[in-house]
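**Student:** Quick one: the structure is below, questions incoming.
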Amino acid sequence: MGALTTTGQVYTLVRQDSLTGLETIEFLEHLGHQIKGAALVIWDRSPIHRRALVTEFIEAIGAKNLQVELLPPYAPDLNPVEWLWRHLKKVEMANLACRDLEELHGEFHLAVGRVRGKPRLVPSFFEEPTCPCDSLTFLRNAQ
C-alpha cells in the first residue's frame, strides 16, 4: 500500500501476506501521525478500502480530518500512486532478480529510498500526461 504527497513524500506499507482492512486502518493511523492537519485520500476501489472496519474508522476520524474520494472503477492511470509503482518496477527495480522474498523486500525499500532522494520525481506523478491530476492530491497537507 502506498501514499504520496504533492510535496514529494512517499509512504509505503509492505507485507508478505495479502493486506486487509486492518492494515488499511494501521496505514491511515500512521499517516495521521506523519502528516499534520487534514488530508484528502484519493482511493481506487480496492476491497480492502471498502471494508466495514475501514468505513467506521474513517467516520470516527471525521470529514474535517480525513476526506476520502474514490476514483472511477478501472481507472488506475488516474491514481498518482500507480505511477510510483510503475516507476519502481520499470526504473528503480528493472532487471532485478532476487533469491527470495526477504531480498526482494530489502531491494524494494532501497528503491523507495532512491525515489525519496529525487525531490522532483514524486510531484511529477501528479502530472503524467494520461493522469488528469492537476487538481487532485493523493494526500495533501492542509496547513
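**Student:** For R45 and R15, compute 0.36 nm times the residue count separating them, minus their Cα-Cα distance, and round to one decimal in nm. Could you put the intermediate results ahead of the total?
**Tutor:** On the way: separation 30, 0.36 × 30 = 10.80 nm, distance 1.99 nm.
Using 0.36 nm per residue and subtracting the Cα-Cα distance, I get 8.8 nm.
**Student:** Per DSSP H run of at least 4 residues, take -39500 (n - 2.57); add these up for the chain, divide by its residues and hand me the 222 nm value, nearest 500 deg cm²/dmol.
**Tutor:** -11000 deg cm²/dmol
**Student:** Here is a follow-up. Given a 1.4 Å probe, how much area per residue of the chain is accessible, in Å²? Write out the running numbers ahead of the final one.
**Tutor:** On the way: 8680 Å² over 143 residues.
Dividing the accessible area of the chain by its residue count gives 61 Å².
**Student:** Starting at the first residue of the stretch 74-91, write each ³J(HN,Hα) from the Karplus equation 6.51 cos²θ - 1.76 cosθ + 1.60 with θ = phi - 60°, in whole Hz, x for Gly and Pro.
**Tutor:** Karplus-based 3J(HN,Hα) across the stretch 74-91 equals 6, 10, x, 5, 7, 9, x, 5, 5, 5, 5, 4, 4, 5, 4, 5, 8, 10 Hz.
**Student:** For K64, which lysines qualify as cross-link partners when the Cα separation must be under 25 Å and same-chain residues fewer than eight apart are set aside?
**Tutor:** Partners within reach: K36.
**Student:** Let me ask something additional. Charges only on Cβ, +1 for Lys and Arg, -1 for Asp and Glu: so what's the dipole of the chain about the Cα centre, in debye to the nearest 20?
**Tutor:** About 340 debye.
**Student:** So what is the relative contact order of the chain, in percent, for Cα pairs below 8 Å that sit 6 or more residues apart?
**Tutor:** This gives 39 percent for the chain.
**Student:** Here's something else I'd like to know. How much net charge surrounds L71 when only other residues with a Cβ under 9 Å from its Cβ are counted (Lys, Arg +1; Asp, Glu -1)?
**Tutor:** -1
**Student:** Next question. Could you state how much accessible area F126 has, in square angstrom rounded to the nearest 10, with a 1.4 Å probe and all protein chains kept in place?
**Tutor:** Approximately 10 Å² for this residue.
**Student:** The stretch 24-131: which GluC sites (Glu not before Pro) are DSSP loop and have at most 13 other beta-carbon atoms within 10 angstrom?
**Tutor:** On the way: sites: E26, E29, E56, E59, E69, E82, E92, E102, E103, E107, E127; in loops: E127.
Here the GluC sites (Glu not before Pro) that fit, given the DSSP loop and packing criteria, are E127.
**Student:** In nm, give the distance between the simple-model label positions of K36 and A97, each being 7 Å from the Cα along the Cα-to-Cβ direction.
**Tutor:** Modelled inter-label distance: 4.9 nm.
**Student:** Follow-up. Could you pull out every one of the lysines with an alpha carbon less than 21 Å from that of K118, ignoring same-chain neighbours closer than 8 positions?
**Tutor:** Those lysines meeting the cut-off are K89, K90.
**Student:** Roughly how many percent of the accessible protein surface of the stretch 1-124 is carbon and sulfur, given a 1.4 Å probe and a whole-percent answer?
**Tutor:** Result for the stretch 1-124: 54 percent of the exposed heavy-atom area is carbon or sulfur.
**Student:** When the solvent-accessible surface of protein heavy atoms is calculated with a 1.4 angstrom probe, in what order do Y74, Y11 fall, highest first?
**Tutor:** Y74, Y11
The values are calculated or read from the model by the stated rules, or taken from the named source; none is laboratory data. Given the structure is predicted, the values throughout are model-derived calculations rather than measurements. All Cβ positions, even for glycine, are placed from backbone atoms using ideal geometry, and neighbour counts span all protein chains on display. Note: accessible area is taken over every heavy atom of the protein model, side chains too, but ligands, DNA and RNA are not part of it. Shrake-Rupley method; radii C 1.70, N 1.55, O 1.52, S 1.80 Å.
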